[in-house]
Amino acid sequence: MILQDAFTVEPWALRETQLDLDLLAQTESVFALANGHLGWRANLDEGEPHGLPGSYLNGVYEVRPLPYPETGYGFPEAGEEVINVTNGKLIRLFVDDEALDVRYGQLQEHERLLDFRAGVLNRRAEWVSPAGKRVRVSSVRLVSLTQRAIGAVCYDVEPLDQPARFAVQSELLANEQLPAVSSDPRVSAALMNPLREEYRNADGTIVALTHVTRHSKLRVGAAMDHLIDCPAEVRVESRAFPDGGVVTAAAVLQPGQRLRMIKFVAYAWSGVRSLPGVRDQVWAALSAARQSGWDGLVAEQRKYLDDFWDRADVQVDGDTEVQQAVRFALFHVLQAGARAENRAIPAKGLTGPGYDGHAFWDTETFVLPVLTLTAPDAAANALRWRHSTIPTALGQAAQLGLKGAAFPWRTITGQECSAYWPAGTAAFHVNADIAAAVVNYVDSTGDDAFEGGEGLDLLVHTARLWRSLGHHNGQGRFHIDGVTGPDEYSALADNNVYTNLMAKHNLLEAAEGVKWYPDRAKQLGVDPEEAASWRDAAEAMYIPFDEALGVHPQADDFTRHQVWDFAHTSPDQYPLLLHFPYFDLYRKQVVKQADLVLAMQMRGEEFTAEQKAKNFDYYEAITVRDSSLSACTQAVMAAEVGHLDLAYDYVGESALMDLRDLEHNTRDGLHIASLAGTWVALVNGFGGLRHAHGRFSFAPQLPDGLARVAFTLMLRGRRLHVEVTHDKVTYSLGDGKPLEILHYGAKVALSPGKSHAGAIQKAPARPAPRQPPGREPARRRPSEKETT
């Protein structure tokens, strides 16, 4: 776990003031740079020591078999796994032939700073070699948000008290040796030497390499070029060797002299283009970066982020730690999707190999709601990637004997990669999650072209799946049996409430969509009878309710199961999935992550206020949050039902998931959906933002620990600024057309350039619910009892 004092607390940066080798893998994830296409973990410039080397290109993967003790019809036969591509970050330093290695000599100072506004990682170190030579090293690293194929490093070295001979060696390296793999199923199975070399060349300050993956047959190119500045005479050499190449700049420096090496690295990949095609693409990207120059790349990065923060920043008064954390979260969510451009947004982004680099339902349910309202182009591109996988999803549905499209539980290319079908294939709710993301994007942006094209396609194919998956019973109610909801400690349940309500929404939106776009509907083969059948199924959707307890069971008969023995479960037995068989978990009332509670957030119009309050209290007592996806949802609903201090506690847990390594797996990459959940907890929770039937509503309220929360949303091309205090909320609309919103259910017409203030309606106080023993969230502030 990362201790509280590992990073300084400041509003626009994350700073580490000393290097802890025991936390190296975690900080490599935390300080990672990416743009959605290219990702560089924050390995030290010199490459060693490292926790987990990592350079990633979105969509570049290798295939590996999925072995089964017993085969079964429809089981996926192969998995896809993200690979560590050619490392272009490496810059080794030799001082009088001794390598800079922080494990040797004396590291007197070391600082790393991730600047959220500049979009760069700064490093400064002072090191004394074993021979007593004291040197200062400074580097600035970026992965460009404007030139997606480009990473760059500005590297400075200088002697501090006596002359020294320096050799700065910049390297491209493929097939790096990776550390041993953990037995934790959430960790990827490392593939050794996945790249086979096709081409290498070194010329002057340039090195280029091209490789092809051994099984997936993807061609990957990388090239680097350099600018070297030094007042002393510098000798520059380059050479290439199998799987690598180096450019070395050597000079003798006096105190006060500095050698600067600026390194430009370009990447390209393709599954269809030839070796010359990929190689030329790399050269073109590298030339464009050289034309921009280092200063130009830095300026472009700052301008891109200035615009992003102007439309996306969240301001939190009263908790400097949460303020830093939400900007850290938004920065990394942006990095995960900004330039993904018709590729998936993986669960770990491009910060590590966790979960094999797969994308899950997390993207549509947690990440896209944030991007839709802050970086809508990135959200559209993520949905276009889903659309591109429709042919594969149609084939998967057909293999399962279903109509429509069955999108995968976990994937890189669209193929189902889950070898455990009860928690994979059976989790059909991913299809409704995609549909909900489509509706949210269209309502938020007014993108008619997308709505009548890719959006309608996704709605129709997912609606067809639900109509064929479910059935009407003898009483005419529509049932969906044998599915797995968001809670992974339950499986193959009948009538999971979340699944049924999300499917209902999917069916109704598809039926409405084909009315608006009849020509496209005709191309898809939708006739009035089929659309009517979707409406019939939605209107007859069965939603179980336990009359005796006055709550909704998560699925049929869930509330009749034996409650998990929390009293005799020790703290070191969490997460339960690593210490108990799924057979036992599936038969008990224990919830890994918010499921029924998530249904209340996503489809709140389907529940009364009393049902929400009772449901929340009931599930709070059996939810153990063994998933990073739970705290943000519990924060949102805790705020809505009146548990504001508890909501604040969950905001803190979501915000610090990776900054404190609360799930103990940050080393394998950041939890992008949980980071997005920090925004969700503040904006949907304390801002009270909801979206239903094409309308955006607000019901804000703050806990005692916060004085003010302010945020900006992009709604149909307009910037809506919302500022919440304990007494009032102020809505301010930027340029553009007027906008109508709901304030506690009342219509408010907003005019451009004007502000509207509304009163805060205080939620009634309610007795605090209980959590499973030992699973209470950490308090963000002491209780009244603790302060007296």
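Observations on the structure shown:
- Only helical runs count toward this figure. For the chain, summing -39,500 (n - 2.57) over DSSP H runs of n ≥ 4 and dividing by all residues gives -9000 deg cm²/dmol at 222 nm.
- Per residue, the convex hull spanned by the Cα atoms of the stretch 298-402 amounts to 132 cubic angstrom.
- Rounded to whole Hz, the Karplus (6.51, -1.76, 1.60) HN-Hα couplings of the stretch 56-70, x for glycine and proline: 10, 10, 4, x, 8, 8, 10, 9, 9, x, 10, x, 10, x, 10
- Distances between placed amide hydrogens fall under 5 Å for Asp546 paired with Val551, His552, all partners being 5 or more residues away or on another chain.
- Anisotropy class of the stretch 1-94 from Cα gyration tensor, a/c 1.5 cut: prolate
- Set of the stretch 612-627 residues, backbone N closer than 18 Å to the point 7 Å along the Cα-Cβ line of Arg770: 614-625
- Computed over the stretch 520-614, the quotient of the alpha carbon radius of gyration and 2.2 N^0.38 Å is 1.54.
- Nonlocal amide H pairs with His472, under 5 Å, H built at 1.01 Å: His479
- Each peptide among 274-282, 695-703, 364-372, 765-773 gets the average number of other Cβ atoms lying within 10 Å of its residues, and from highest to lowest they stand as 364-372, 695-703, 274-282, 765-773.
- Computed FRET value (nearest 0.05) for Asp317 with Asp546, which takes r as the C-beta separation and R₀ as 30 Å: 0.10
- In order through the stretch 699-706: 3J(HN,Hα) via Karplus (6.51 cos²θ - 1.76 cosθ + 1.60), integer Hz, x for Gly, Pro: 9, x, 6, 10, x, 4, x, 10
- Sites Tyr420 and Gln254 - FRET efficiency at Förster radius 60 Å, r taken between beta-carbons, to 0.05: 0.45
- Along each principal axis, taking the top coordinate minus the bottom one, the Cα set of the chain gives 87, 65, 59 Å in descending order.
- D (Stokes-Einstein, µm²/s), Kirkwood Cα radius, the stretch 27-74, 1.306 mPa s at 10 °C: 118 µm²/s
- Compared with the alpha-carbon gap, the fully stretched path from Asp97 to Thr71 is longer by 3.7 nm at 0.36 nm per residue.
- Whole-percent pair-distance distribution, where bins are 5 Å wide, for the alpha carbons of the stretch 384-469: 3, 16, 26, 26, 17, 8, 4, 1
- P(r) weight above 18 Å for the stretch 296-358, C-alpha pairs, percent: 50 percent
- Carbon plus sulfur fraction of accessible area for the chain, probe 1.4 Å, in percent: 49 percent
- Values of log10 I(q)/I(0), in the order q = 0.18, 0.22, 0.26, 0.28 Å⁻¹, for the stretch 291-330 under a Debye, Cα-only, solvent-free model: -0.61, -0.73, -0.83, -0.88
- What you get for the stretch 96-247, charging only the Cβ of Lys and Arg (+1) and of Asp and Glu (-1), is a dipole of about 680 debye around the Cα centre.
- Compared with the alpha-carbon gap, the fully stretched path from Asp377 to Leu160 is longer by 73.3 nm at 0.36 nm per residue.
- Globularity index of the stretch 231-298, i.e. its alpha-carbon radius of gyration over 2.2 N^0.38 Å: 1.47
- Computed extension length for Asp310-Lys762: 159.7 nm, one decimal, from 0.36 nm per residue of separation with the Cα-Cα distance subtracted.
- Using a Förster distance of 45 Å, the FRET efficiency for Arg477-Asp704 (Cβ separation, nearest 0.05): 0.50
- Here the stretch 93-142 is treated as an ellipsoid with the same Cα gyration tensor; its semi-axes, largest first and in whole Å, are 25, 10, 7.
- Packing here is the average count of other Cβ atoms within 10 Å per residue, and on that basis the peptides 299-305, 477-483, highest first, run 477-483, 299-305.
- Using the Karplus relation 6.51 cos²θ - 1.76 cosθ + 1.60 with θ = phi - 60°, the per-residue 3J(HN,Hα) values for the stretch 542-559 come to 7, 10, x, 8, 8, 5, 5, 8, x, 9, 7, x, 4, 7, 3, 6, 4, 6 Hz, with x marking Gly and Pro.
- Distant-in-sequence amide H partners of Ala347 (H built 1.01 Å from N, under 5 Å): His358, Ala359, Phe360
- Once both labels are positioned 7 Å from their Cα atoms along Cα-to-Cβ, the gap between Asp295 and Ala621 label points is 6.7 nm.
- Rounded if a/c under 1.5, otherwise prolate or oblate - the stretch 536-695, Cα gyration tensor axes: oblate
- Peptide ranges 492-504, 149-161 listed from the most packed, as the mean C-beta count within 10 angstrom indicates: 492-504, 149-161
- For the stretch 469-545, a simple Cβ point-charge model (Lys and Arg +1, Asp and Glu -1, everything else neutral) yields a dipole of about 160 debye relative to the Cα centre.
- Anisotropy class of the stretch 583-656 from Cα gyration tensor, a/c 1.5 cut: oblate
- In this rough spin-label picture, where each label sits 7 Å from Cα along the Cβ direction, the Arg718-Arg302 distance is 3.3 nm.
- Kirkwood Rh in Å, taken over the stretch 465-535 so that all alpha-carbon pairs contribute: 13.3 Å
- Label zone at Ala449 (point 7 Å along Cα-to-Cβ), backbone N below 19 Å, the stretch 362-399: 372, 375-388
- For Lys737, a cut-off of 18 angstrom between C-alpha atoms picks up these aspartates and glutamates, skipping any fewer than 8 places away in its own chain: Asp443, Asp447, Asp448.
- Among Val722, Gly688, Pro738 - extreme Cα towards positive end, dipole of the chain, charges at beta-carbon: Pro738
- Beyond 24 Å in Cα-Cα separation lie the following of the pairs Lys504/Lys588; Lys263/Lys348; Lys588/Lys614; Lys614/Lys747: Lys504/Lys588; Lys263/Lys348; Lys614/Lys747.
The values are calculated or read from the model by the stated rules, or taken from the named source; none is laboratory data. Predicted model, so just to flag it, every value in this text is computed and none were measured. Note that each Cβ is placed from the backbone with ideal geometry, even for glycine, and that neighbours are counted across all protein chains shown. Ligands, DNA and RNA are stripped out before the accessible areas are found, and what is left, the full protein with its side chains, is counted by its heavy atoms. Shrake-Rupley method; radii C 1.70, N 1.55, O 1.52, S 1.80 Å.
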